[in-house]
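Heads up: the structure comes next, in structure tokens.
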Amino acid sequence: MSKKYTLPELPYKYDALEPYISKEIMTLHHDKHHLAYVNGANAALDKLENGRKNNWQGVDIKGVERDLSFNLAGHVLHSIFWPNMKQGGGGKPGGRLADKINEDFGSFDAFKSQLAGAAKAVEGSGWGMLVWDPVEKQLLTLQAEKHNLLSAQSSVPLLVCDVWEHAYYLQYKNDRAAYVDAFWNVVNWENVDQLLSKEM
Ligand code: MN
């Protein structure tokens, strides 16, 4: 039987990222949106369990697998996103992460403009992501549309920027670019470095 997914606690208070991301956004985003992905993934698991019991009668397995992909990817990305940020974040990375960014992108500024550009240019709802590519052991940027489309299956997300409207609209209206620019002020580089250290 499949294990169920659970909503992680925010690693800081709802207002910790102000003025860059408001308490109202963080509260709704974590308590409502992230929870919906957890519940959606668990509902898909329940449907698959019922399908196994009933020899798949009346189960749209294609639709259920699509729901699982969408909701599980949403749960995973939000679970990475929260600790990717902190009060008093920003600045530049240090340690192994700084060296690897320089090696793979040429400079921190070149990396930053690439990831920001990817995030701003997502078509519709999605994410800009710094990922670890275990194939060539390097850092890459990727976009995700929704949570699960455009993925490279082997890639490990290290730093993710949610550009769904629910992540910024209450504060930034339609100005996604201003939100992405503000995001850099709350990045928790120590967290990103720790995630990279697990992979290298
Ligand atoms: Mn979100």
Considering the alpha-carbon set of region 41-158 alone, what are its Rg and its Dmax in angstrom? 17.9, 56
10 Å-binned pair-distance histogram of region 23-81 (Cα, whole percent): 24, 42, 23, 10, 1
Surrounding charge for Asp133, neighbours by C-beta under 15 angstrom, Lys/Arg +1, Asp/Glu -1, total -1
Quick one: among Ser113, Ser155, Ser69, which has the greatest mean-square fluctuation in a GNM of the chain with alpha-carbon springs under 10 angstrom? Ser113
Could you give the length gained on full extension between Ser154 and Asn54, defined as 0.36 nm per residue of separation minus the Cα-Cα distance, in nm? 32.7 nm
With Asn148 itself left out, Lys, Arg at +1 and Asp, Glu at -1 over residues whose Cβ is under 15 Å from its Cβ give -2
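Could you order peptides 159-172, 87-100, 184-197, 1-14 by the average number of other Cβ atoms within 10 Å of their residues, highest first?
Peptide ranking by packing, descending: 159-172, 184-197, 87-100, 1-14.
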In whole angstrom, note down how far apart the Cα centers of region 157-200 and region 118-145 are. 12
Give the Kirkwood hydrodynamic radius (Å, one decimal) of the chain, defined as one over the mean of 1/r across all pairs of different Cα atoms. 17.7
Subtract the Cα-Cα distance of Asp46 and Glu165 from 0.36 nm times their separation in residues, and report this length gain in nm to one decimal. 39.9 nm
Please report the Cα spread of region 95-199 along all three principal axes, rounded to whole Å, starting with the longest. 37, 28, 21
With a 1.4 Å probe and all protein chains left in place, how much accessible area per residue does region 95-199 have, in Å²? 46
Cross-link candidates for Lys62: which lysines have Cα within less than 24 Å, leaving aside residues fewer than 8 places away along the same chain? Lys3, Lys4, Lys47, Lys53, Lys146
Would you mind calculating the relative contact order of the chain from Cα pairs under 8 angstrom and at least 6 residues apart, reporting the percent as a whole number? 24
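The values are calculated or read from the model by the stated rules, or taken from the named source; none is laboratory data. Please read all numbers here as calculations on a predicted model, not as lab measurements. In this analysis, Cβ positions are derived from the backbone assuming ideal geometry, glycine residues included, and neighbour counts consider all displayed protein chains. The area values use the complete protein model at the heavy-atom level, side chains included, leaving out ligands, DNA and RNA. Shrake-Rupley method; radii C 1.70, N 1.55, O 1.52, S 1.80 Å.
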